[in-house]
Each structure stands twice: as structure tokens, then as C-alpha cells.
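Beneath this line is the structure, given in C-alpha cells, with notes to follow.
Just so it is clear, none of the values below were taken in a lab; they were calculated from the coordinates. Everything quoted here is computed from the prediction, not taken from an experiment. Counting neighbours? That spans all protein chains shown, and the Cβs are built from the backbone with ideal geometry, glycine included.
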Amino acid sequence: MSDTAKPWTQPMPDAQFKLMRDILAAPSPVGLEGAMTYGVLKPYFESFAPSDWHLHQFKGNAGVVLDTHPGRDDMFKLMIIGHADKIRMQVRSIGEDGKVWINTDSFLPGVLIGHEVTLFSEDPNAPGHYRSIEGGTVEALGAIHFSDPAQRDGSKGIKKEQIYLDLQIHGENKKQQVLNLGVRPGDSIIFNRPIRSGFSPNTFYGAYLDNGLGCFVTAEVARLIAEAGGTEKVRVMFAIASYEEIGRFGSRVLAGELKPDALIGVDVNHDYVAAPGIGDKRMQPLEMGKGFTLSVGSIASEQLNRIIASAAKEQDIPMQRDIVGVDTGTDGMAGVLASIDSAATSMGFPIRNMHTISETGNTHDVLAAIHALHHTIKTLDTLPNPKQAFLDNHPRLDQASPLTHQGSAKPENDDEKSA
């Protein structure tokens with residue numbers, strides 16, 4: 001296959017980048033994911049899904065699942081999961097001076113200062129109706145002139161309790177001005193920072209790559225499968241989950257409801273090579289631009305990993321091994337957490353600056369994940385009996401072959417930095 005025929009070696013087409021941007025831009029803080037699932041992804045699924053596919057919806061959350069063979073529990077069921085929920089800030093209290101004190105959730109306080117945000121406020125007089133407030137910024141000290149020497153030289157940080165939203169309130173009755181807007185404790189606040197193309201080729205940056213990217217990948221794999229005519233033996237369930245950022249609660253509901261035989265969580269990963277202060281900790285050298293990542297360890301199924309890795313190798317799709325401990329940290333854990341017998345693993349793409357306003361990724365890695373998943377599904381669909389294959393082919397270390405010293409000569413195409 002020539003490089004020109006490999007999408008993961010080419011710039012992402014403009015239309016596809018726009019779709020990715022639209023998914024990532026959807027305001028979907030934890031518990032309010034409908035803007036992404038119903039506002040962007042549901043219409044996109046409906047634009048290409050065959051008439052016999054079905055979109056599952058749920059009562060307790062705004063997750064959705066696009067199902068290629070609804071009701072066919074006799075088939076081998078594969079679930080691919082991205083999560084739509086974004087970490088967010090929340091209104092904690094309102095001060096007499098008009099400051100809106102906020103909780104920082106999973107953000108480091110120092111990365112928030114000075115950034116523009118949008119506050120989403122439920123109308124107290126019309127429950128269920130939300131209004132948005134733009135133009136505010138997140139602050140803590142106000143000015144360097146008001147900080148103590150330790151904060152000025154960096155030896156003392158900013159505490160989460162110091163963070164507030166500044167709506168530029170002034171004049172009389174400052175607190176009442178905020179109350180008159182209907183702003184209340186619990187209202188959600190998210191960054192106002194859509195992604196943009198980066199300076200370096202094939203890069204992009206902005207807020208909330210975690211984890212609109214997993215949703216984008218899941219949706220694009222669904223489109224490729226639809227365009228290829230679907231599957232015969234594998235029932236694929238393209239899932240967009242909720243509540244991942246607070247404990248993977250949404251995905252375990254989806255797994256519990258639909259009981260997949262195999263499950264792949266798709267989520268962002270870390271670029272350890274570029275991470276400040278990490279190099280001396282001897283982390284695996286995952287790096288942006290070197291391909292998708294595949295989790296090894298934890299609950300990751302070696303059988304499922306073997307199929308993914310073989311499909312990627314056959315298509316010359318670059319892959320990096322991600323070493324995980326007791327928990328993948330992703331929706332790849334959904335089957336275990338839901339007490340479902342499901343072969344599972346986690347795939348991703350290294351990004352920089354996770355949980356900041358400037359998360360940074362590489363479109364080649366994202367495209368590599370899309371096409372690796374596409375070819376994995378095609379491979380599974382060629383197995384004579386996928387269910388039986390997973391029952392009978394667990395790795396046997398007692399059958400491992402002896403390995404002797406292999407000398408010091410390097411392979412011709414050795415890459416010392418390969419993961």
C-alpha cells in the first residue's frame with residue numbers, strides 16, 4: 001500500500017477536521033452531555049447509518065449507542081466507547097463583591113487563570129431551560145501586585161479555594177447583580193476554547209480533546225463500517241458514554257445494558273516524551289505523532305490486543321504499547337466494572353497538556369486509531385466463530401518457548417525510540 005493510499009500518513013481533510021472541531025466544541029460538561037450526543041453525534045450517525053441500524057437512547061444519561069444489528073444477541077458483540085462528558089468548573093458561592101467562587105474539578109488551579117469561559121445557568125423560573133453567559137474570566141489574585149513574594153517567585157502556588165469567576169461586576173448591589181442573572185451554586189462553567197490547527201504540521205490544540213477525540217474516532221469508525229456495507233458476524237455497538245470523568249459510571253451502564261462480548265475504550269493518552277519532569281521517571285516513550293496507543297496489562301485482553309496489533313501491522317498502521325497498572329484509567333474498564341464477561345482493552349492517542357486549555361494532539365495518531373479499529377472489526381468479522389475463538393484461545397505461558405541470547409546485531413530498520 002503506497003503512502004498516498006494511507007490516510008494516517010496524510011493531512012486530515014478539511015471536512016473531517018471540521019467534524020472533529022464541532023464534536024470537541026459541543027458544550028457537554030459532566031451530567032449535561034446532550035449537546036455533543038444529541039446536538040452533533042446523533043445527526044451525524046443518522047446521516048450515514050443504514051435503515052436497519054438502531055440508535056439506543058437511555059433514561060438516566062444522555063449517552064447513545066449506534067447498533068449495527070439490534071436485537072441480535074446471538075452474534076458476537078463488540079462495543080467501542082468514547083465518552084462525551086467534559087471536566088468542568090461549578091459555581092460554589094457568590095460573594096458580596098460580585099465574585100463568583102467556583103470549584104475547579106479536575107483542573108490544576110494554576111492553568112485556569114485569565115482564561116475565558118462560558119457559564120451555563122439553569123433558569124430558576126423555568127427548570128430545564130439553560131442560559132449561557134460569556135465574557136467572564138477565571139481569576140485568583142487579580143494582579144501580581146497583590147500576591148506575596150512566595151507566589152511571585154513561584155515557590156508558593158495557587159489554592160483551588162482562591163479561584164473565582166470575574167464577570168466584571170461593578171456599581172451598586174454587586175451580589176444582587178449576579179443573583180438577578182439567576183446564577184446559582186451548581187451551575188456549570190467550561191472553557192470557551194475551540195480547537196485550532198497548530199503551528200507544526202498535522203497538529204491541533206485547544207480545550208477538551210479529552211475526550212471528544214474518542215467520540216470522533218468512534219463515529220468515524222462507524223461511518224467507515226457503514227460505507228463498507230456493514231458486518232456479517234460481528235454486531236458492532238458504537239457507544240458514546242457519559243460520566244467517565246467521575247468514575248466511568250456511564251460506560252458501565254451501557255455495558256450492563258447491552259452485554260458486549262468484547263469492548264474497546266477509546267480515550268486520550270499522555271505524550272510522556274514531551275511531559276515536563278517525566279523523562280527521568282523512565283516512563284514508556286509514548287510520543288505524539290508516532291501512532292495510536294494500545295494498553296497492555298491491567299484487564300487488557302491479550303487476545304483482543306493480538307487482533308488489533310495484527311490488523312495494524314498488516315496495514316502498516318503505527319502503534320505504540322501503553323503499559324497500564326491495575327486500571328486502564330479509561331472506559332476500557334466498563335465491562336469489569338459492570339460485572340460483564342467481556343474481553344476488553346483500551347486504545348488512544350498521545351496528547352500534551354491534558355486537562356488544560358491547550359491540550360495538543362496530532363491528526364496522524366487520531367487517523368491511525370480510526371483505521372486500526374476499522375481493520376480490527378473487519379478481521380473479527382472473518383473469524384469462523386468469534387465467540388468460540390475468545391473462549392478457546394487464552395494465552396498459555398506454560399507453553400512459552402525457550403528464548404536464548406540473540407546477539408548484539410541491530411535489525412536493519414531498528415528504531416531505538418520505538419515503543
Students often forget the sequence filter, so: which lysines lie under 26 Å Cα-Cα from Lys18 once same-chain residues fewer than 8 apart are removed? Lys6, Lys42, Lys86, Lys290
Treating the beta-carbon of each Lys and Arg as +1 and of each Asp and Glu as -1, no other charges, what is the dipole magnitude of the chain about its Cα centre, to the nearest 20 debye? 280
Between beta-carbons, use under 14 Å as the cut-off and find the net charge around Phe204, counting Lys and Arg +1, Asp and Glu -1. -1
Angle check, please: helix 14-25 long axis (alpha carbons) against the longest principal axis of the chain (alpha carbons), in degrees 0 to 90, nearest 10. 50
Environment charge of Ala241, counting only residues whose C-beta is closer than 10 Å and scoring Lys/Arg +1, Asp/Glu -1: -2
So Val326 and Asp52, fully extended at 0.36 nm per residue minus their Cα-Cα distance, gain in nm 94.7 nm
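Can you tell me, using C-alpha contacts under 8 Å and at least 6 residues apart, the relative contact order of the chain as a whole percent?
Values: 878 pairs, mean separation 86.8, N = 419.
RCO, the chain: 21 percent.
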In nm, give the distance between the simple-model label positions of Lys175 and Leu391, each being 7 Å from the Cα along the Cα-to-Cβ direction. 6.7
With the chain treated as a Gaussian network of Cα nodes joined by springs under 10 Å, which of Leu112, Leu141, Leu66 yields the largest mean-square fluctuation? Leu141
Please give me, ordered by residue number, the trypsin sites (Lys or Arg not before Pro) of segment 330-409 that lie in loop per DSSP and have at most 15 other Cβ atoms within 10 Å. Arg396
Against the longest principal axis of the chain, how steep is helix 249-258, in degrees 0 to 90 to the nearest 10, with axes from Cα atoms? 40
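For segment 1-58, which chymotrypsin sites (Phe, Trp or Tyr not before Pro) are in a loop by DSSP, counting at most 16 other Cβ atoms within 10 Å? Don't jump to the answer; show the numbers that get you there.
On the way: sites: Trp8, Phe17, Tyr38, Tyr44, Phe45, Phe48, Trp53, Phe58; in loops: Trp53, Phe58.
Within segment 1-58, the qualifying chymotrypsin sites (Phe, Trp or Tyr not before Pro) (loop, at most 16 other Cβ atoms within 10 Å) are Phe58.
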Choose one answer from Ile81, Ile377, Ile133: the residue with the largest mean-square fluctuation in a GNM of the chain with alpha-carbon springs under 10 Å. Ile133
For helix 302-315, what angle does its Cα long axis make with the longest principal axis of the chain, in degrees from 0 to 90 and rounded to 10? 80
Listed residues Ala400, Ala207, Ala274; largest mean-square fluctuation, Gaussian network over the chain with Cα springs below 10 Å, found at Ala400
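For a footprinting-style exposure proxy, rank Ser251, Ser295 by other Cβ within 10 Å, fewest first.
On the way: Ser251 30, Ser295 26.
Listing Ser251, Ser295 from fewest to most nearby Cβ atoms yields Ser295, Ser251.
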Report the calculated FRET efficiency for Val111 and Ala15 (r = Cβ-Cβ distance, R0 = 35 Å), to the nearest 0.05. 0.65
GluC sites (Glu not before Pro) in segment 332-419 lying in a DSSP loop, each with at most 11 other Cβ atoms within 10 Å of its Cβ, come to Glu412, Glu416
Work out, step by step, the length gained on full extension between Arg282 and Gln90: first 0.36 nm times the residue separation, then minus their alpha carbon distance; give nm to one decimal. 65.5 nm
So what's Rg/Rh here for the chain, counting alpha carbon atoms and using the Kirkwood radius for Rh? 1.01
Rounded, prolate or oblate for segment 89-191? Axes are the square roots of the Cα gyration tensor eigenvalues, ordered a ≥ b ≥ c, and the cut-off for rounded is a/c under 1.5. prolate
Quick check: net charge around Gly250, other residues with Cβ under 9 Å of its Cβ, Lys/Arg +1 and Asp/Glu -1? -2
